[in-house]
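*Asks:* The structure follows.
Where a number appears in this text, it was derived from the coordinates with a stated rule and is not lab data. Note that this is a predicted model, so its numbers are computed, not measured. Cβ placement follows ideal geometry from the backbone for every residue including glycine, while neighbour counts extend to all protein chains displayed.
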Amino acid sequence: MIYSKILFTGAYVPENSISNDDLTTIVDTNDEWIRTRSGIEQRYFSKGENTSDIAAKAGLDVLNKGNINPKDVDLIIVATVSGDYTTPSTACLVQAALGAENAVAFDISAACSGFIFAMSVADKYIRSGVYRNALVIGAEVLSKYLDFTDRGTCVLFGDGAAGVYMEASDTPGILAEDMGSDGSRGLALTCGHRKAENGFFGTKRDENSFLQMDGRAVFDFATRQTPKCIRILLEKSGIPLEKIRYVIPHQANIRIVEVISRKLKIPMEKFYMNLHQYGNTSSATIPIALNEMMEKGMLQKDDIILIVGFGGGLTWGGMMIQL
Ligand code: COA
């Protein structure tokens with residue numbers, strides 16, 4: 001039987017850290033509101049680096065940690081909703097930047113659940129024997145989609161990239177997974193909209209492609225769906241809560257995680273949080289957290305972790321993983 005295992009992690013965030021106070025210079029907000037409503041203290045905004053640039057830097061960090069030759073990478077999947085172009089894919093740009101000329105490369109669009117969706121696809125390719133390894137990256141430059149006149153959204157998001165290298169193994173890595181989508185509620189969180197207008201018929205293009213969100217609807221969705229997803233993972237894997245080293249949730253809002261913690265009676269200490277430093281970097285939050293924990297020595301081989309995300313689509317996904 002072939003399984004897939006996470007062997008190495010890596011990350012990259014742009015260098016410009018923007019505090020809540022910095023945001024007050026361009027939008028009517030304040031540090032206290034942002035901290036208490038979201039838990040965010042700062043985020044990073046790119047100044048010139050696009051999504052493929054930061055994705056490639058994160059990918060290089062992953063490969064360097066494992067001393068892996070880019071030419072030996074079979075598959076590159078980038079989860080993103082903020083790619084440089086509609087085509088080429090961000091993954092193809094990353095492939096070129098890394099010199100991973102033998103890899104197949106494509107993107108996955110599932111917003112904040114994207115990294116889990118991408119890992120799931122990589123896992124299936126590896127388990128089926130089609131590819132032996134995969135570089136899976138979550139990368140976003142969301143700042144280019146933020147409307148800095150909309151205080152309800154622009155204070156919540158940030159830019160960043162991170163990823164993992166997965167390889168075929170004869171011992172299980174992903175012990176259980178649960179994913180789902182509810183397209184009927186998709187308009188609660190949109191980004192990059194383009195109307196079907198064109199020059200031939202003389203209509204002008206819709207320029208409002210900003211990220212737009214019904215915050216309450218997303219909050220409600222996340223606090224209902226994520227506990228269900230965690231329960232399913234516990235049930236499917238048969239792993240008791242005590243055996244899980246950490247739950248690594250998508251970092252969108254500390255209050256969402258507090259509700260999940262209360263509903264499932266999982267103490268907050270079991271959740272790894274770094275939202276205060278990065279804000280919501282969508283598909284990158286989970287791998288950024290995972291990489292940070294690896295670098296701090298908080299995770300060892302054979303540890304069991306649970307990752308879980310939710311977001312645009314609307315989508316959700318989770319995995320029980322043995323490292
Ligand atoms: N600074 C100061 N005041 C702000 C503000 C800001 N950045 N953004 C909104 N406000 C104000 C509103 O204008 C409103 O004022 P009013 O009562 O005078 O009209 C007040 O704060 C309350 O706004 P509301 O939108 O009801 O706040 P909320 O408690 O629902 O919190 C979110 C808003 C967005 C933080 C919350 O809904 C949320 O976290 N949702 C989930 C979002 C998310 O995680 N999305 C990503 C999913 S992947």
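*Asks:* Counting other Cβ atoms within 10 Å of each Cβ, which GluC sites (Glu not before Pro) in the stretch 166-264 have at most 16 and sit in a DSSP loop?
*Replies:* Numbers: sites: 167, 177, 197, 207, 235, 242, 258; in loops: 197, 207.
Listed in order of number, the matching sites are 197, 207.
*Asks:* Okay, next question. With θ taken as phi - 60° and the coefficients 6.51, -1.76 and 1.60, list the Karplus ³J(HN,Hα) couplings across the stretch 297-312 in order, rounded to whole Hz; mark glycine and proline as x.
*Replies:* Once θ is set to phi - 60°, the couplings for the stretch 297-312 become x, 7, 10, 10, 4, 6, 4, 9, 10, 10, 10, 8, x, 7, x, x Hz.
*Asks:* Relative contact order, percent, of the chain when contacts are C-alpha pairs under 8 Å separated by at least 6 residues? Intermediate values should be presented prior to the final figure.
*Replies:* Working: 784 pairs, mean separation 82.5, N = 323.
Across the chain, relative contact order equals 26 percent.
*Asks:* In cubic angstrom, how much convex hull volume per residue do the alpha carbon atoms of the stretch 131-289 span? Before the final figure, lay out the partial values.
*Replies:* Working: hull volume 25.4 nm³, N = 159.
Cα convex hull per residue, to the nearest whole number: 160 Å³.
*Asks:* Oh, and also: My understanding is that a pair violates if its Cα-Cα distance is over 22 Å; which of 5/243; 57/296; 57/243; 124/265; 65/236; 5/71 do that in this structure? Before the final figure, lay out each step's value.
*Replies:* Working: 5/243 18 Å; 57/296 20 Å; 57/243 34 Å; 124/265 32 Å; 65/236 32 Å; 5/71 20 Å.
Listed pairs above 22 Å: 57/243; 124/265; 65/236.
*Asks:* Could I ask something else about it? Give me the net charge of residue 141's neighbourhood, meaning all other residues with Cβ under 13 Å from the Cβ of residue 141; Lys, Arg count +1, Asp, Glu -1. Display every interim value, and only then the final one.
*Replies:* Details: positive: 43, 47, 57, 144; negative: 49, 53, 84, 140, 159.
The answer is -1.
*Asks:* Near residue 283, within a Cβ-to-Cβ distance under 12 Å, what is the net charge of the other residues, with Lys and Arg +1 and Asp and Glu -1? If you can, show how the numbers build up before the last one.
*Replies:* Working: positive: none; negative: 107, 140, 159.
Spelling it out: positives minus negatives among the neighbours equals -3.
*Asks:* From Cα coordinates alone, what are the radius of gyration and Dmax values for the stretch 1-55 in angstrom?
*Replies:* In order Rg, Dmax, the Cα atoms of the stretch 1-55 give 17.0, 57 Å.
*Asks:* Can you pull the Rg over Rh of the stretch 3-169, Cα-only, Kirkwood?
*Replies:* Values: Rg = 17.1 Å, Rh = 16.5 Å.
Result: Rg/Rh = 1.04.
*Asks:* Can you pull a Stokes-Einstein diffusion coefficient for the stretch 149-188 at 4 °C (1.567 mPa s), Rh from Kirkwood over Cα pairs, as a whole number of µm²/s?
*Replies:* In µm²/s, the coefficient rounds to 85.
*Asks:* Sticking with this one: Translational diffusion coefficient, Stokes-Einstein: compute it for the chain using the Kirkwood radius over C-alpha pairs as Rh, at 10 °C and 1.306 mPa s, and state it as an integer in µm² s⁻¹.
*Replies:* On the way: Rh = 19.7 Å.
The calculation lands on 81 µm²/s.
*Asks:* Roughly how far apart, in whole Å, are the Cα centres of the stretch 230-271 and the stretch 116-139?
*Replies:* 24 Å
*Asks:* Considering all alpha-carbon pairs of the stretch 43-111, what whole percent are spaced by more than 19 angstrom? It would help to have the intermediate numbers written out before the result.
*Replies:* Values: 688 of 2346 pairs.
Of all Cα-Cα distances in the stretch 43-111, 29 percent exceed 19 Å.
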